Amino acid sequence: MSNLIIRGGNRLNGEVRVQGAKNSALPILAACVAIGGINVIDNCPRLTDVSATVKILSYLGCKVSRDGNTVTVDSSCVNRYDIPRELMHEMRSSIVFLGPLLSRMGRAELYTPGGCEIGLRPVDLHISAMRQMGSDIAEEYGRIACTSEGKLRPANISLSFPSVGTTENIMIAASTAEGTTVITNAAREPEISDLADFLNKCGADIKGAGESTVVINGVKKLHGTYHKIIPDRIVTATYMIGAAVTGGNVTLTDAGPSHLTAVSDIFEKAGCKIRSDMNSINISAPEKLRSAGTVRTMPYPGFPTDIQAPVSVMAAVSLGTTFIIESIFENRFKHIGELNRMGANIKVDGRMAVIEGVEGLRGTKVFSHDLRGGTAMVLAGLAAQGETVVADTEYIDRGCQDIEKDLKTLGADICKENSMHHERQCDF
Ligand code: UD1
């Protein structure tokens, strides 16, 4: 286990390249199970959640290799339909193997990934969708046993909430179900479009991904392909906040500015200047940020819940009062207690945080309770006076590749220490 040590106060300046999107890589890798061939997935980030996905793929019989950022998955020998409880519990998005297994094997036996630090995270929408597609599903003590007796059938599925993972499971399962499946109130996240692009290259016929209605015409068979994962919009926004809270000027390359409209709007309200072209985005921050007003998390194209914790750091050091309303997850304010220990003035009432901007934060030892809460603590450390220790960084490693290296490139004083032996590798 390791801690991140940050000596705050340096302005972030310079240029870094953005990693591939975790939330694209995970469902695309899982979808390989549905395709009996070789897939080459490029721009695949090095993250513990990706390693957990690879472990499941290997357990199911796939041959997986990595060369730099390229992961090759040969799924021709998939020979199991079960995923053990320990592997399911390593990460929440393991539920996205449900659709691929039903498509390929006609059966799936897995476990509910369970609740996590940010909320209950039930899987009822996934189960209901697979039932509508003809699966028999038995649930007992967290075990989910599904069988589709050989063939999934198409369905008209109307989601009561535009769940990202459920939309992905349906798209994958329906790709090889004979006939036409229609999803209404589908999730519209860019990662949904990326998955559809990948599946279409594999021979699927999916139309409307990225819109509320997705139409999938089932095909007989899918084949392997090459696919490059889109840039990670959450990491892009995280580094932009790093620039904002340090009064910096940062350019992010290989980024996807078109996926960040709702986020860019918040930066502009706070007084930052944003310039972007097709693939890169530059942010320059004022001496003092001002409140962005009210920020409400919403399904895409609204403001992403995954940027709620990082943006609360920005609000904590902005002039005026900011209201943040978390409408996606019921328990996503755990980072607020940690921020207040650094001198922030934030009150939480149910799903709303009321943030009175303070002059500055001061460094102390803080804890990550989840991935985005952990990266928020790193951002707070960049803005704070003195030294911040962000304890137990495994959460951060689930979704951010090389955060320490990237922030160092941008001029931050940041290093790692082994949390057991307190052996630092710092050069400041
Ligand atoms: C994905 C993202 C995650 C992001 C989230 C919302 C991946 C790997 N993860 O997670 O980073 O925070 O979208 O943008 O892409 N829900 C139910 N029943 C279900 C499924 C979901 O009630 O069967 C609820 C959830 O508890 C949550 C909301 O719907 O309150 C959104 O969940 P969903 O869109 O499914 O998120 P994930 O796919 O898990």
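Kindly establish whether residue 169 is touching a strand residue (DSSP E or B) at 6+ places or on another chain (Cβ under 6 Å) and assigned by TED's automatic domain parsing to the domain that holds residue 206. Spelling it out, it is not the case that residue 169 is touching a strand residue (DSSP E or B) at 6+ places or on another chain (Cβ under 6 Å) and assigned by TED's automatic domain parsing to the domain that holds residue 206. With the structure loaded, tell me whether residue 228 is among the basic types (Lys, Arg), more than 22 Å from the chain's Cα centre (by Cα) and surrounded by fewer than 23 Cβ atoms within 10 Å (Cβ to Cβ) or whether it fails that test. No: the conditions fail for residue 228. Selection of first residues in the stretch 385-397 that are over 14 Å from residue 419 (Cβ atoms) and of second residues that are in a strand (DSSP E or B) and of a type outside the set (D, E, K, R), restricted to Cβ pairs under 8 Å at least 6 apart or on distinct chains, gives the following pairs, ordered by first then second residue: 387/5; 387/6; 388/5; 388/6; 388/366.
Condition test on residue 109, is it in a strand (DSSP E or B), touching a strand residue (DSSP E or B) at 6+ places or on another chain (Cβ under 6 Å) and either assigned by TED's automatic domain parsing to the domain that holds residue 195 or hydroxyl-bearing (Ser, Thr, Tyr) (or both)?
Working: in a strand (DSSP E or B): yes; touching a strand residue (DSSP E or B) at 6+ places or on another chain (Cβ under 6 Å): yes; either assigned by TED's automatic domain parsing to the domain that holds residue 195 or hydroxyl-bearing (Ser, Thr, Tyr) (or both): yes.
Yes; evaluated as a whole, the condition is true for this residue.
Within the stretch 203-225, the set of residues being over 24 Å from the mean Cα position of the chain (by Cα) and either of a type outside the set (D, E, K, R) or not assigned by TED's automatic domain parsing to the domain that holds residue 76 (or both) comprises 203, 204, 215, 216, 217, 218, 219, 222, 223, 224.
The set of residues in the stretch 239-258 being in contact with a strand residue (DSSP E or B) (Cβ under 6 Å, 6 or more places away or on another chain) and aliphatic (A, V, I, L, M) consists of 240, 243, 250, 252, 255. Entry remark, the stretch 401-423: residues being within 23 Å of residue 243 (Cβ to Cβ), away from the ligand (no atom under 16 Å from the Cβ) and either among the polar types (S, T, N, Q) or part of a strand (DSSP E or B) (or both) number 5 in total.
Of the residues in the stretch 156-173, how many are away from the ligand (no atom under 11 Å from the Cβ) and closer than 14 Å to residue 204 by Cα? Break it down stepwise before answering.
Initially, the stretch 156-173 is screened for residues away from the ligand (no atom under 11 Å from the Cβ), giving 156-158, 170-173.
Narrowing the set further to residues that are closer than 14 Å to residue 204 by Cα leaves 170-173.
Selection size over the stretch 156-173: 4.
Test residue 51 against the criterion of being in contact with a strand residue (DSSP E or B) (Cβ under 8 Å, 6 or more places away or on another chain) and without any contact (Cβ under 8 Å) to a residue 60 or more places away in the chain, and give yes or no. Here the answer is no, as residue 51 does not meet what is asked. Candidates are the residues of the stretch 250-289 that are within 30 Å of residue 330 (Cβ to Cβ) and outside any helix (DSSP H, G or I); the one that is farthest from the ligand (Cβ to nearest atom) is 289.
Residues checked against (1) at pLDDT 95 or above; (2) farther than 15 Å from residue 235 by Cβ; (3) surrounded by fewer than 19 Cβ atoms within 10 Å (Cβ to Cβ); (4) touching a helix residue (DSSP H, G or I) at 6+ places or on another chain (Cβ under 8 Å):
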| residue | (1), (2), (3), (4) |
| --- | --- |
| 332 | no, yes, no, yes |
| 342 | yes, yes, no, yes |
| 352 | yes, yes, yes, no |
| 356 | yes, yes, yes, no |
| 366 | yes, yes, no, yes |
| 369 | no, yes, no, yes |
| 383 | yes, yes, no, yes |
| 390 | yes, yes, no, yes |
| 398 | no, no, no, yes |
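Taking the criterion of being out of contact with any Leu (no Cβ under 7 Å at 6 or more places or on another chain), among the hydroxyl-bearing types (Ser, Thr, Tyr) and away from the ligand (no atom under 15 Å from the Cβ), the residues of the stretch 58-116 that qualify are 58, 65, 70, 72, 75, 76.
If the condition is being under 21 Å from residue 185 (Cβ atoms), surrounded by 21 or more Cβ atoms within 10 Å (Cβ to Cβ) and within 16 Å of the ligand (Cβ to nearest atom), then the stretch 124-154 contributes 126, 129, 130, 133, 135.
Please enumerate the residues belonging to the stretch 11-42 that are surrounded by fewer than 24 Cβ atoms within 10 Å (Cβ to Cβ), touching a strand residue (DSSP E or B) at 6+ places or on another chain (Cβ under 6 Å) and over 30 Å from residue 201 (Cβ atoms). Within the stretch 11-42, 13, 15 qualify.
The values are calculated or read from the model by the stated rules, or taken from the named source; none is laboratory data. None of these values were measured; they are calculated from a predicted model. Cβ atoms come from the backbone with ideal geometry, glycine included; neighbour counts cover every protein chain shown.
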